[in-house]
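To keep things clear, I will list the structure first and then write my remarks on it.
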Amino acid sequence: MATYEYFCNRCGSFDVKRPIGTASAEEVCPRCSNTARRVYTSPGTAFTLPAVAGLREREEESRENPAVVTRVPPKEAAPRPTHPALARLPRP
């Protein structure tokens, strides 16, 4: 999906996500239903770490198809300290 920017004379700019190559020259403004023209901007070509890109992709996917949780996840045990001096400290 690509993000296209449009400019409404009344409300200002807004973004629309569409498949690449399907953006029209004009779009209806979501706030005032006025006709807005497409603004050509530079593409977002900055390097993104794979972990960050994966998180963004999961977040976008969860908007359309959220994961259903049927129970509360189990509580994870706190890791035991490996240093002997830390082992003698009181635990909560």
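Can you tell me which condition ARG71 does not meet? The list is (1) open to solvent by 50 Å² or more (accessible area, probe 1.4 Å); (2) at pLDDT 90 or above, and all the others hold.
Of (1) open to solvent by 50 Å² or more (accessible area, probe 1.4 Å); (2) at pLDDT 90 or above, only one is false for ARG71: (2).
For the list (1) more than 28 Å from LYS17 (Cα to Cα); (2) open to solvent by 100 Å² or more (accessible area, probe 1.4 Å), I need the number of the one condition that GLU64 fails.
Among (1) more than 28 Å from LYS17 (Cα to Cα); (2) open to solvent by 100 Å² or more (accessible area, probe 1.4 Å), the lone unmet condition for GLU64 is (1).
Can you find a residue in the range 77-89 that is out of contact with any His (no Cβ under 7 Å at 6 or more places or on another chain), surrounded by 10 or more Cβ atoms within 10 Å (Cβ to Cβ) and closer than 30 Å to LYS17 by Cα?
No, that holds for no residue.
If you check every pair at least six apart or on different chains, which have Cβ atoms under 6 Å apart with a residue in the range 1-30 that is under 17 Å from ARG63 (Cβ atoms) first and a residue that is assigned to a loop (DSSP other than H, G, I, E, B) and open to solvent by 50 Å² or more (accessible area, probe 1.4 Å) second?
ALA2/ILE20; LYS17/MET1
The values are calculated or read from the model by the stated rules, or taken from the named source; none is laboratory data. Note that the structure is a prediction, hence the values are computed from the model and not measured. Don't worry about glycine lacking a Cβ; one is built from the backbone with ideal geometry, like all the others, and counts go over all protein chains shown. Surface areas here come from the heavy atoms of the whole protein model, side chains and all, with no ligands, DNA or RNA. Shrake-Rupley method; radii C 1.70, N 1.55, O 1.52, S 1.80 Å.
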